[in-house]
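Working notes, beginning with the structure itself.
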Amino acid sequence: MSPKKIEIEYERDMRAHPTLSNGAYFMLHMAEEQEIGRFYYLISSLMLSAFAIESYLNYIGEKHIASWKEIERMGPIDKIKEIGAISMIDMDWGKRPYQTIISLFKFRNDLAHAKPKILQGKKFIQEDSFEDFDVKVFWEEYPTIENVQNAKSDVLKVMEAIRRAFGETSGILENGLTSIVSEL
């Protein structure tokens, strides 16, 4: 006999930022542990960190800011500044963690909108270091273990400051709840 079908009602408070943040952490861990593919793990971690904070901004904005529809169209840095102004968070953009956020979104935008580019110039180098010479754009230079560790840590610091400013009771890495009601 097959199981009886029942009708259920459900409601889920879906939050992407915990998944994205955990993914960034996992990619960083992989980069620290494995040399093969390290660059790609670092890129992935940075992108997921950028996506995580942007998702958190949208979560807070939808929940707490009446004018969010207008703010939502802004770039992520402007969204953070607007949220800071609304909640009176003191943000020093010349120091960490906010300085890191600027670099993180420069990286994200440069990579997301990358175009072919001819890199030209002249430079004096040591004759014996010729084989190590390489020319890179920002999105190729930025993914280092130190920068990724800073991005991961600083994204969480900014998210936590925003959480506290808005009196959020759930932690920044808590997934939403699912409620299910059924009648038998």
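General remarks:
- Positions within segment 96-154 being hydroxyl-bearing (Ser, Thr, Tyr), in a loop (DSSP other than H, G, I, E, B) and more than 20 Å from residue 23 (Cβ to Cβ), in sequence order: none
- Residue 52 small (Gly, Ala, Ser), under 22 Å from residue 176 (Cβ atoms) and outside any helix (DSSP H, G or I): no
- Of all residues in segment 171-184 being within 19 Å of the chain's Cα centre (by Cα) and of a type in the set (Gly, Ala, Ser), the one that is modelled with the highest pLDDT: 171
- Residue check for residue 6: more than 11 Å from the chain's Cα centre (by Cα), part of a loop (DSSP other than H, G, I, E, B) and buried (at least 16 other Cβ atoms within 10 Å of the Cβ): no
- Leading residue by the ranking (nearest to residue 102 (Cα to Cα)) among those in segment 62-77 that are assigned to a helix (DSSP H, G or I) and within 16 Å of the chain's Cα centre (by Cα): 77
- Inside segment 25-68, residues that are of a type in the set (A, V, I, L, M) and touching an Asp or Glu at 6+ places or on another chain (Cβ under 8 Å) make up a count of 1.
- Looking only at segment 136-151, residues that are at pLDDT below 95 and either closer than 17 Å to residue 97 by Cβ or surrounded by fewer than 10 Cβ atoms within 10 Å (Cβ to Cβ) (or both) come to 1 in all.
- Failed condition for residue 92, given (1) under 16 Å from the mean Cα position of the chain (by Cα); (2) modelled with pLDDT of 95 or more: (1)
- Considering residues of segment 34-52 that are farther than 24 Å from residue 162 by Cα and under 17 Å from the mean Cα position of the chain (by Cα) only, the residue surrounded by the fewest Cβ atoms within 10 Å (Cβ to Cβ): 40
- Selection within segment 85-130: residues that are of a type in the set (S, T, N, Q) and surrounded by 10 or more Cβ atoms within 10 Å (Cβ to Cβ). The member of this set that is nearest to residue 164 (Cα to Cα) is 87.
- In segment 97-114, of all residues being hydrophobic (A, V, I, L, M, F, W, C) and more than 14 Å from residue 147 (Cβ to Cβ), the one that is nearest to the chain's Cα centre (by Cα) corresponds to 112.
The values are calculated or read from the model by the stated rules, or taken from the named source; none is laboratory data. Remember, predicted model here, so these are calculated numbers, not experimental data. Backbone-built Cβ (ideal geometry, glycine too); neighbour counts: all protein chains shown.
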